[in-house]
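Taking it in order: structure first as structure tokens, then the write-up.
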Amino acid sequence: MDETVKRHCTGEVGGGSGGEKGGGSSDGDFEPSMGRFTDHIIIDVLEKMDLASLCTAACVSPTFNSAVAYRLPFVSSSDLYRFYLDEETLKHVVRRVPGAKSLTIECLRMRNDSSIINILGEHIKVLSLLKCTHLSYDILRAIGETCPNLRHSPMSIYRSLLIEFAGCDAPELFKRKLAEMLQKVPLLESLSITIRGTSRDVFDVRPLGQFLPPSLKKLKLQQTDARLFVLWLDAVRKIPLFNLRNLSLVLDLISDDLLITVVHSLPHLVELDLEDRPFTLSSVGDLTNIGLQALKFCECLIALSIVRSKMNCPASFTRVDNKGMFHVSEGCKRLESVKLGGFAKVTEAGYLSILYLCRNLKKFEVLTSPLLSDSVIDNMTGVARSVVELRLSSCSLLTSEALEHLSLFRKLEVLDTSGCERIGDQAPFYISKVTTLTRLNLAKARITDVGLALLGAGDLPIVQLCIRKCEKVTDKGIKSLFHADRKICKTLSDLDVGYIPKITDAAIFTIATDAKALTDLSLRFCNGVTDAAVQMLMDRPNHNSSQLQMLDLCSCRGLSAEAIMLPLPLYAFHRLRWLGIGLTDIVAKRGIFSEICEARPRLVVCDVCCDFGCGDGWQWHNVR
């Protein structure tokens, strides 16, 4: 929102210097100034806005309100991600946007299937249902019956369905309902289904082969059994015209047999994303260099991700070494995106082979690689000018010196060195030279206030910053980061300062005062934060802090049960969509907890320890 709009909303009439009136009129009224713009110009501007921006614009003036009302029926996409609406509000929103062909819904507050079924219709061509805590598998059948355009839509819009279930350990029921849906969407192009909180064998996909749409181009399943998936894929590849281009799987184990079957069954793959979560440290049947060698048959591959998660045990790929990486680099030279995690025996030589031969790289990510050293970045000069995202997480040998030549990355927008505990104060100095950087993650780095001062001096347009677990940072470092109205003061929207013991109310005052675009703030496990900071965030309706949409106070032990005073002030948390208060005294006082939920019915209050939006734990609990 520009400054004129801000003045209109806040009631300010002064604008600029010398006591000039705001809004372009003699009395500071915003509305007369809108007369300078024709309806055609206003509508043209609104056509470029998403749904959330349109709703904000409607509050600016009667002219904009009228223009938005005219524009809403023609909005083609209704993206309600991070809007946690109840059933009645959702029906109202969808009714105002009748022409939306793409619909994304956060389902945390949807209490039954009818909440969704009542808004489905033939106009929907792309449907995404996220965090379906209370929805049953029967919703699949309903989608097939009520969304005919998922199977008969123009090629201009990708026919797709994405749905996240909190499973009920009923694999037979799931298979039956999915089969019923697939029979009614024969031209579906993209299918993504995630089931959380169930046993690992939920996806026995073998019986679905006879109903799989031959038009399917993208398939994402989480989680499935690797052995059963191999048998299923071996069968469905014989379906006429079956031609998957994008495959994403979360499995119990990535093996040579799996990778070889995928490659030979799907030779035209463009994107391959595999993650496994083994339950044992055994290497029997594990991925080896032979499996990676098979990737040479995927001549169209431009995105490759192979990751071993430590969710269930601290396992790694122990049977893959540099030779396996040589096979990848020699056989997949067209790669533009590479993500590799858990390769414990691969050294910089293996990773460098990919960097030397894959000259079109835009994204390069390595996770939990104990042998990756500084020389990998030193030798990235060949691809430095094309790389947009660079993520080197939990690489124990990586030091600040690795980033010395970071200024060569002329297009770099994302840098992630989270978990690299040898990164120190010199790193922010090198990072400050990358003027294109917008997202930075330095979690667990050994930086101090000096490092934050160096980062701030670079005057970067950072939108997202994470310094979680940078335990040497204090209030002084936060103040130096935002010093002198730098770019970060205007651009930063997402800030994570969690798990920093020396962060106190003073830092929160600095953040709330200087971070003018801040929407997401994580203070989890900051025990130095007290009631005063929370009151400041609540009591200033026209302040920057009033823009907060996500606030994480999990385990802030300095907060008392009265940290959130009742009754809530009229404008307190009026834009807040998610509030995390797990492990605080606020939860213990159930009366306050209930009143918060009643006072802000569209606010999700999480009383456990989820991260922002309950994205990591929504399947385990009922949110308020």
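Read the figures in this text as sums done on the coordinates, not as results from a lab. Bear in mind that the values here come from a model prediction, so they are computed numbers and not experimental data. Glycine also receives a Cβ, built like all others from the backbone with ideal geometry; neighbour counts cover every protein chain displayed.
Could you tell me the extents of the stretch 519-624's C-alpha atoms along the three principal axes, largest first, rounded to whole Å?
36, 27, 26
So what is the relative contact order for the chain, in percent, with contacts set as C-alpha pairs under 8 Å and at least six apart? Don't skip to the answer; put the middle values down first.
Numbers: 1502 pairs, mean separation 34.3, N = 624.
Across the chain, relative contact order equals 6 percent.
In whole angstrom, how far apart do the alpha carbon centroids of the stretch 458-524 and the stretch 338-403 sit?
If we compute the Cα centre of each part, the gap is 28 Å.
I'd like the distance between the alpha-carbon centres of the stretch 546-624 and the stretch 291-315, rounded to an integer number of Å.
39 Å
Over the stretch 519-624, what relative contact order in percent results from Cα pairs under 8 Å that are six or more residues apart?
Relative contact order of the stretch 519-624: 26 percent.
Mind checking the stretch 50-86 for chymotrypsin sites (Phe, Trp or Tyr not before Pro) that DSSP puts in a loop (not H, G, I, E or B) and that have at most 12 other Cβ atoms within 10 Å? Don't skip to the end; give the middle numbers.
Working: sites: Phe64, Tyr70, Phe74, Tyr81, Phe83, Tyr84; in loops: Tyr81, Phe83, Tyr84.
The qualifying sites are Tyr81.
With point charges of +1 on the Cβ of Lys and Arg and -1 on the Cβ of Asp and Glu, referenced to the Cα centre of the chain, which listed residue (Leu583, Ser115, Leu518) lies farthest in the positive direction of the dipole?
Sorting the options by dipole projection puts first Ser115.
Among Lys175, Lys91, which comes first, second and so on when ranked by fewest other beta-carbon atoms within 10 Å?
On the way: Lys175 18, Lys91 14.
Going from least to most buried by this count: Lys91, Lys175.
Going by the alpha-carbon gyration tensor, a ≥ b ≥ c the square roots of its eigenvalues, is the stretch 245-358 rounded (a/c under 1.5) or, if a/c is not under 1.5, prolate (a/b greater than b/c) versus oblate?
Values: a/c = 1.74, a/b = 1.26, b/c = 1.38.
Judged from the Cα gyration tensor, the stretch 245-358 comes out oblate (a/c at least 1.5, b/c at or above a/b).
For the stretch 245-358, what relative contact order do you get, as a whole percent, if you take Cα pairs closer than 8 Å and at least 6 residues apart? Show your work: numbers first, answer last.
Details: 253 pairs, mean separation 29.7, N = 114.
Answer for the stretch 245-358 is 26 percent.
Take His123, His264 and order them by how many other Cβ atoms sit within 10 Å, fewest up front.
Details: His123 17, His264 14.
Lowest count first: His264, His123.
Sorted from fewest to most neighbouring beta carbons within 10 Å, what does the list Leu244, Leu187 look like?
Details: Leu244 21, Leu187 14.
Neighbour counts put them in this order, fewest first: Leu187, Leu244.
Suppose we take every Cα in the stretch 179-270 and form the convex hull; what volume per residue is that in Å³?
With only Cα atoms used, the stretch 179-270 gives 89 Å³ per residue.
For the chain, with the dipole built from +1 on Lys and Arg beta-carbon atoms and -1 on Asp and Glu ones, taken about the Cα centre, which of Leu130, Thr435, Val250 lies farthest toward the positive end?
After comparing all options, I get Val250.
What's the magnitude of the charge dipole for the chain around its Cα centre, counting Lys and Arg as +1 and Asp and Glu as -1 at the beta-carbon? Answer in Debye, nearest 20.
Details: 74 positive and 72 negative charges, 213 e Å.
It works out to roughly 1020 debye.
Using θ = phi - 60° and the Karplus relation 6.51 cos²θ - 1.76 cosθ + 1.60, list the HN-Hα couplings for the stretch 392-399 in order, rounded to whole Hz, with x at every Gly or Pro.
Once rounded to whole Hz, the list reads 10, 9, 6, 9, 5, 8, 6, 10.
Would you mind telling me the antiparallel percentage of the DSSP bridges in the chain, rounded to 5?
Values: 1 of 87 bridges.
Roughly 0 percent of the DSSP beta bridges within the chain come out antiparallel.
If you take percent of Cα pairs over 34 Å apart from the coordinates, which of [x] 51; [y] 65; [z] 45 do you get?
From the options [x] 51; [y] 65; [z] 45, the structure gives [x].
For Ala344, which sequence-distant residues (separation of 5 or more, or a different chain) have an amide H within less than 5 Å of its own amide H, given hydrogens modelled in the peptide plane?
So Ala344 has HN proximity to Phe317.
Pop out the ³J(HN,Hα) list for the stretch 599-606 in order, Karplus 6.51 cos²θ - 1.76 cosθ + 1.60 with θ = phi - 60°, rounded to Hz; leave Gly and Pro as x.
So the J values, rounded to whole Hz, are 6, 10, x, 9, 9, 7, 10, 9.
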